[in-house]
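S.K.: I am attaching a structure below and will ask some questions about it afterwards.
Any read-out appearing in this document is the output of simple, stated calculations on the displayed coordinates, not a laboratory observation. Just so you know, these numbers come straight off a predicted model, no measurement behind them. Note that we place each Cβ from the backbone using ideal geometry, even for glycine, and neighbour counts take in every protein chain shown.
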Protein chains: 2
Amino acid sequence: MKARVVVTLKPGVLDPQGQAIEGSLGGLGFTGVSAVRQGKIFDLEVDATDAEDARSKVDSMCTRLLANTVIENYSVEISE
Amino acid sequence: MKARVVVTLKPGVLDPQGQAIEGSLGGLGFTGVSAVRQGKIFDLEVDATDAEDARSKVDSMCTRLLANTVIENYSVEISE
């Protein structure tokens, strides 16, 4: 089964990378851009009996490795 | 309007970061995980008259700054 994990910073956590991107967009002439936040995405394939099983495995991977749950939120989508 | 940009490596482009994550997941005891690929996500707000206008602006940001279209694909979702 294919899984997509989206990891984003929690609201309120400073995002200097996002701020730098916002500044660069302004420098390139893109006006009216705000609230830029950068996150991560992981696409992976996992052996699982069904979607429920896959979700549970990927959820465990997120809490143990893929996301820092102190400062990040994550969401999991399972397909196929 | 809110926009979410997802940037992923094109198929065939080496992803050492993804390989490292796959190795780490194996080391943590997660078996049956394969094809791990890491990508980036950008959440931003853009001033636009309608969704069409927002999409066109964000598309331009992607080609000029957010994505390296030689090795990366991107997709844009507009909401609100």
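S.K.: Return the average number of partner chain Cβ atoms within 10 angstrom of each residue Cβ along peptide A:41-52.
M.R.: 5
S.K.: Using 0.36 nm per residue of separation minus the Cα-Cα distance, give me the extension gain between residue B:28 and residue B:14 in nm, one decimal.
M.R.: Gain on extension, residue B:28 to residue B:14, equals 2.7 nm.
S.K.: Across the residues of A:56-67, average count of Cβ atoms on other protein chains within 10 Å?
M.R.: 3
S.K.: Follow-up. Please work out the Cα center distance from region A:24-38 to region B:28-42, rounded to the nearest Å.
M.R.: The distance from the Cα centre of region A:24-38 to that of region B:28-42 comes to 30 Å.
S.K.: On a 0 to 90° scale, report how tilted helix A:51-61 is relative to the longest principal axis of chain A, with both axes built from alpha carbons and the result rounded to the nearest 10.
M.R.: On a 0 to 90 degree scale, this one is about 60.
S.K.: Along Cα→Cβ at 7 Å, what distances in nm separate the residue A:79 label point from those on the other copies, shortest first?
M.R.: In ascending order, 1.7 nm.
S.K.: In square nanometres and to one decimal, what's the mean projected area of the convex hull around the Cα atoms of chain A?
M.R.: About 6.4 nm², averaged over all directions.
S.K.: So what are the ³J(HN,Hα) numbers for region A:32-48, from phi and the Karplus equation (6.51, -1.76, 1.60; θ = phi - 60°), rounded to whole Hz, Gly and Pro as x?
M.R.: Calculated HN-Hα couplings, in order: x, 9, 9, 6, 7, 10, 9, x, 10, 9, 10, 9, 8, 10, 10, 6, 7 Hz.
S.K.: Would you kindly compute the Cα radius of gyration of the protein assembly as shown and its largest Cα-Cα separation (Dmax), both in Å?
M.R.: Spelled out, the Cα radius of gyration and Dmax of the protein assembly as shown are 16.7, 50 Å.
S.K.: Between residue B:13 and the same site in the other copies, what are the distances in nm, shortest first, taking label points 7 Å from Cα along the C-beta direction?
M.R.: Those separations, rounded to one decimal, come out as 2.5 nm.
S.K.: Let me ask something additional. Hey, can you grab everything whose amide H is under 5 Å from the amide H of residue A:72? Only 5+ residues off in sequence or another chain; H modelled, so Pro and N-termini drop out.
M.R.: Result for residue A:72 returns A:10.
S.K.: Return one number: the angle in degrees, 0 to 90 and rounded to the nearest 10, between the long axis of the Cα atoms of helix A:16-27 and the longest principal axis of the Cα atoms of chain A.
M.R.: It is inclined by approximately 50 degrees.
S.K.: Run the label-point distances for residue A:64 please: 7 Å along Cα to Cβ, every other copy, nanometres, shortest first.
M.R.: 4.5
S.K.: Consider the operator that turns chain B into chain A: which B residue has a Cβ nearest its axis, and what is that gap in Å?
M.R.: B:41, 3
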